[in-house]
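Okay, so here's the structure we're looking at.
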Amino acid sequence: MTIAPRPCELARATVTAVAPTTERALDPDSRAWLTGLQARGADRDDAVARLHALLLRAARFEVSRRRALLPHIRPGELDEIATEAADDAAVSVLARLDDFRGASRFTTWAYKFALLEAAVKLRKRAWQGRELPLEQTTWDTFASRSLRPEDAAEQSELLACVGAGIAEALTPHQRRVLVALALDGVPIDVLADRLGTTRGALYKTLHDARAKLRRHLREHGLEPGRSGEEVDR
């Protein structure tokens with residue numbers, strides 16, 4: 001069971017002092033939040049406790065909103081997920097106070113951290129214990145069944161070329177990432193966790209894989225959404 005850290009523990013999560021936020025025309029409530037969280041001692045502990053309570057409400061809201069999609073998860077486990085999300089969101093908010101520029105109310109800005117953390121943890125929990133489909137072998141599953149014979153032939157040629165490009169032009173890692181993210185719909189944070197890497201690294205791998213695949217298609221006179229004649233020009 002996850003135990004929410006005490007306010008003083010959350011306060012210590014930011015090792016370095018937080019730089020004051022750039023002066024803007026902040027609303028009184030946002031300014032009060034920043035003043036409290038940038039204070040010292042008991043005043044900061046109280047502000048951190050209130051922040052954690054705010055983020056816990058946000059995380060529980062997100063968990064409740066997605067609950068119907070996760071019927072196999074026990075209510076107690078869902079509450080643990082919400083608490084963990086609030087804990088991590090609080091640490092993130094405290095570490096990024098100097099990023100707040102007053103474009104929205106402070107509570108709205110902070111709320112988003114909890115929503116994101118809750119969504120990521122729920123996606124990971126939903127995929128826990130599931131084997132990731134990292135290879136795609138049956139390309140016929142992507143074919144449309146309502147095309148004219150001549151269009152179906154073109155589609156078949158394109159799918160065959162895509163399959164060959166994935167198998168021949170991509171590295172094993174690029175192939176694994178492209179298939180998992182673009183074809184099998186594996187959430188990127190889940191894949192990052194399974195492969196021991198970061199979202200940014202996976203986005204870079206996906207970008208490079210798509211570029212290689214487009215180049216492979218062009219070299220064979222094919223490109224999705226364009227005719228062979230257009231590609232040749």
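The values are calculated or read from the model by the stated rules, or taken from the named source; none is laboratory data. Everything numeric here is computed off the predicted structure, so don't read it as measured data. Don't worry about glycine lacking a Cβ; one is built from the backbone with ideal geometry, like all the others, and counts go over all protein chains shown.
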### Summary
Sole miss for Thr171 among (1) outside the structural domain of Trp33 (by TED's automatic domain parsing); (2) modelled with pLDDT of 60 or more; (3) of a type in the set (Ser, Thr, Tyr); (4) touching a helix residue (DSSP H, G or I) at 6+ places or on another chain (Cβ under 7 Å) is condition (4)
### Query
Looking at region 182-211, which of its residues are modelled with pLDDT of 80 or more and either over 24 Å from the mean Cα position of the chain (by Cα) or aliphatic (A, V, I, L, M) (or both)?
Ile188, Leu191, Ala192, Leu195, Ala201, Leu202, Leu206, Ala209, Ala211
### Query
Out of the residues in region 174-198 that are assigned to a loop (DSSP other than H, G, I, E, B) and in contact with a Lys or Arg (Cβ under 9 Å, 6 or more places away or on another chain), which is nearest to Lys124 (Cα to Cα)?
Pro187
### Query
Quick one: would you say Glu77 is surrounded by 16 or more Cβ atoms within 10 Å (Cβ to Cβ) and modelled with pLDDT under 95?
no
### Summary
A careful count of residues in region 66-78 that are over 11 Å from Leu122 (Cα atoms) and in a helix (DSSP H, G or I) gives 3
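Can you spot a residue in region 103-123 that is assigned by TED's automatic domain parsing to the domain that holds Pro28, of a type in the set (Val, Ile, Thr) and under 22 Å from Arg194 (Cα atoms)?
There is at least one residue in region 103-123 that is assigned by TED's automatic domain parsing to the domain that holds Pro28, of a type in the set (Val, Ile, Thr) and under 22 Å from Arg194 (Cα atoms).
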